[in-house]
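The values are calculated or read from the model by the stated rules, or taken from the named source; none is laboratory data. This structure is a prediction, so every number in the text was calculated from the model and none was measured. Using ideal geometry, Cβ is built from the backbone for each residue, glycine included, and neighbour counts are taken over all protein chains shown. Just the protein is used for accessible areas: all its heavy atoms, side chains included, with ligands, DNA and RNA removed. Shrake-Rupley method; radii C 1.70, N 1.55, O 1.52, S 1.80 Å.
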Amino acid sequence: MVFVATMTVLLLYYLYHILRYYTAKLSTNCYLIDYVCFKPSPDRKISTLTSGALINRNKSLGLSEYKFLLKMIIRSGIGEETYSPRNILEGREESPTIDDSMLEMDEFFKTSVSEIFAKTKLLPSEVDVLVVSISAFSPSPSLAARIVQQQKMRDDVKTYNLSGMGCSASLIAIDLVNNIFKSGKKTVAMVVSSESIVPNWYCGNEKSMMLSNILFRSGGSVMLLTNDPTMRSRAKMRLKCIVRTNIGSQDDGYNCVMQKEDDTGRLGFYLGPGLPKAAMRAFTKNFQQLMPQVLPYRELLLYMWRIAEQKVKKTEGNSFSAATKINYKSGIDHFCLHAGGTAVIDAVGDALGLSSYDDEPARMTLFRWGNTSASSLWYVLGYMEAKKRLRKGDRVLMISFGAGFECNSCIWEVKRDLGDGDVWEDCIKDYPPQTLVNPFFEKFGWVSETTEETFSGNMEAFRKKVALSL
Ligand SMILES: CC(C)(COP(=O)(O)OP(=O)(O)OC[C@H]1O[C@@H](n2cnc3c(N)ncnc32)[C@H](O)[C@@H]1OP(=O)(O)O)[C@@H](O)C(=O)NCCC(=O)NCCSC(=O)CC(=O)O
């Protein structure tokens, strides 16, 4: 009798631990419950005419800078409907205040954070972990604390505030959450990603710093994630793997994106001409690590064979040129690329042999929203969803780049057919448009034909003509 009782207790004890082990294992998955992107109000749109007036306010620009800006704007892949902070629209870009920066953040927080709770029917009090990734505005108390205050979150919520980590910070935040989830304790995490444009509008005339004014626009995204297996039927996607690469030990990688002052002391973001090359180097390294987790064995063997062949024959090129015949689409269904700029999208697209269908979500995001930095990936994903491209079982590759220089990528598995329109709802039927040409050339094309002699070097007369074109 005693023996049977002892054996039963022992059996129950082992069963309990086996059950706990498997429950904990199940709770280490990372599920994306839902996400929302921010759509600022229509009065914040920055059209060709508003941009023209904005450029004309910068008295430090000479004819060569006007020509550069015109060329860049025409080639940027950015359309007429992106959003700017209010201080810039009000003509106060040279003297931003903390209140201006807070206003830009608050409009996003108050709309999108509230929206995700309404959408998921979760409560702010159910959030255990909050990670905010906003790179270039880091006030005290932190922006994470501001969200806790606005949403009246629990006093044991664990907050993390990632700053200075650039456009790739949203995947860095996901990586952080994924690592927290590995503890096995059931957790709900919220990631809030955006960028602050207000304090970083560049009012000088250094070309590599003016470029950021053309590319970066206001936006933001909020994601709710969990490792709780009881919530997995509600989840949109499950994280399969995430790979992070940092080439900051190499000077050109470290220096190619940098917040700095120009020679006259004007603050801004420097985007070096070497950025696309650094991005490709980081991407090559990142992808080498990601590939074994993505490609089917046949493609993987083919890839390794090609690399070996290249080494034996001592032919030039990176792992992508070695692997030109590799079919990446055999392991990935959708390519969610950071909408950082046309050169970056082109480079990744060429390396992976992507079709115009594959890179359409990134190009359309750049056109409609501009480079919204850390949040841009989620607008790209939103485009895929609004187009009803994401089907149960599909794999989505997200690739992001950011200051550091970092390339971070991950694979998501779609858990059910998705078709939420979110911020694309009212316009998705118009995309892709017939042309991505913006009206800058039509309005200001004459600038490229202008020489110093045309205005006898009189920039005031030149600016007056620009004003008349508005
Ligand atoms: C700016 C562009 C749209 C221009 O397109 P083009 O097809 O015209 O490009 P191009 O290379 O022929 O360049 C045209 C002219 O611009 C000049 N030029 C190009 N890039 C420049 C730069 N960064 N600084 C200064 N000049 C630059 C070239 O020398 C050339 O000059 P000339 O005419 O005299 O020969 C593209 O180059 C682009 O998308 N670049 C990458 C943008 C970028 O850095 N995005 C990432 C943002 S950072 C990010 O997203 C992450 C983060 O911040 O963390």
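Taking a label point 7 Å from the Cα of residue 59 along the Cα→Cβ vector, which residues of region 188-216 have an amide N closer than 17 Å to it?
203-205
Under a 5 Å amide H to amide H cut-off, with H placed in plane at 1.01 Å, what residues pair with residue 237 once short-range neighbours are removed?
So residue 237 has HN proximity to 32, 415.
Only Cα pairs under 8 Å and at least 6 apart count here; give the relative contact order of region 231-280 as a rounded whole percent.
Computed value for region 231-280: 27 percent relative contact order.
How high is the relative contact order of the chain, in percent, counting Cα pairs under 8 Å that sit 6 or more residues apart?
The value is 23 percent.
Fully extended, how many nm does the chain gain between residue 123 and residue 142 (0.36 nm per residue separation, minus their Cα-Cα distance)?
Length gained between residue 123 and residue 142: 4.7 nm.
How large is log10 of I(q)/I(0) for the chain at q = 0.06, 0.08 Å⁻¹ when the intensity is taken from the Debye formula with one equal scatterer per alpha-carbon?
-0.30, -0.51
Extension gain residue 103-residue 327, at 0.36 nm per residue separation less the Cα-Cα distance, in nm?
Net length gain for the segment: 76.0 nm.
Please pull out the direction-averaged projected area of region 207-249, using the convex hull of its alpha-carbon atoms, in nm² to one decimal place.
Over all viewing directions, region 207-249 projects a mean Cα-hull area of 6.0 nm².
Of 245, 144, 112, which is farthest on the positive side of the dipole of the chain, counting Cα position, with +1 on Lys and Arg Cβ, -1 on Asp and Glu Cβ, and the Cα centre as origin?
Projecting each Cα onto the dipole axis, the largest value belongs to 245.
I want to check the label-to-label distance for residue 427 and residue 230. Put each point 7 Å from Cα in the C-beta direction and report it in nm to one decimal.
My value for the distance between the label points is 4.1 nm.
For helix 356-369, what angle does its Cα long axis make with the longest principal axis of the chain, in degrees from 0 to 90 and rounded to 10?
Helix 356-369 and the main axis of the chain meet at about 60 degrees.
Using just the helices of the chain, give the 222 nm mean residue ellipticity in deg cm²/dmol: DSSP H runs with n ≥ 4 each add -39,500 (n - 2.57), and the total is spread over all residues, rounded to 500.
-12500 deg cm²/dmol
Helix 169-181 sits at what angle to the longest principal axis of the chain, using alpha carbons and giving 0 to 90 degrees rounded to 10?
Helix 169-181 and the main axis of the chain meet at about 10 degrees.
If the cut-off is a Cα-Cα distance under 16 Å, which lysines reach residue 119, setting aside same-chain residues fewer than 8 apart in sequence?
Hits, sequence-local ones excluded: 39, 110, 236.
Using amide H atoms built in the peptide plane, which far-off residues or other-chain residues are under 5 Å from residue 220 H to H?
38
Find how many whole Å separate the alpha carbon centroid of region 149-199 from the alpha carbon centroid of region 63-110.
Result: 26 Å between the Cα centres.
If I stretch the segment between residue 9 and residue 266 completely, what's the gain in nm (0.36 nm per residue apart, minus their alpha carbon distance), one decimal?
Gain on stretching residue 9 to residue 266: 85.2 nm.
May I ask you to give the solvent-accessible area per residue for the chain, in square angstrom, as obtained with a 1.4 angstrom probe?
45
What are the residues whose amide H is under 5 Å from the amide H of residue 270, where those residues sit 5 or more places off or on another chain and H is modelled from the backbone?
258, 259, 260
Can you give the relative contact order of region 158-265 as a percent, counting alpha carbon pairs under 8 Å and 6+ residues apart?
It rounds to 26 percent for region 158-265.
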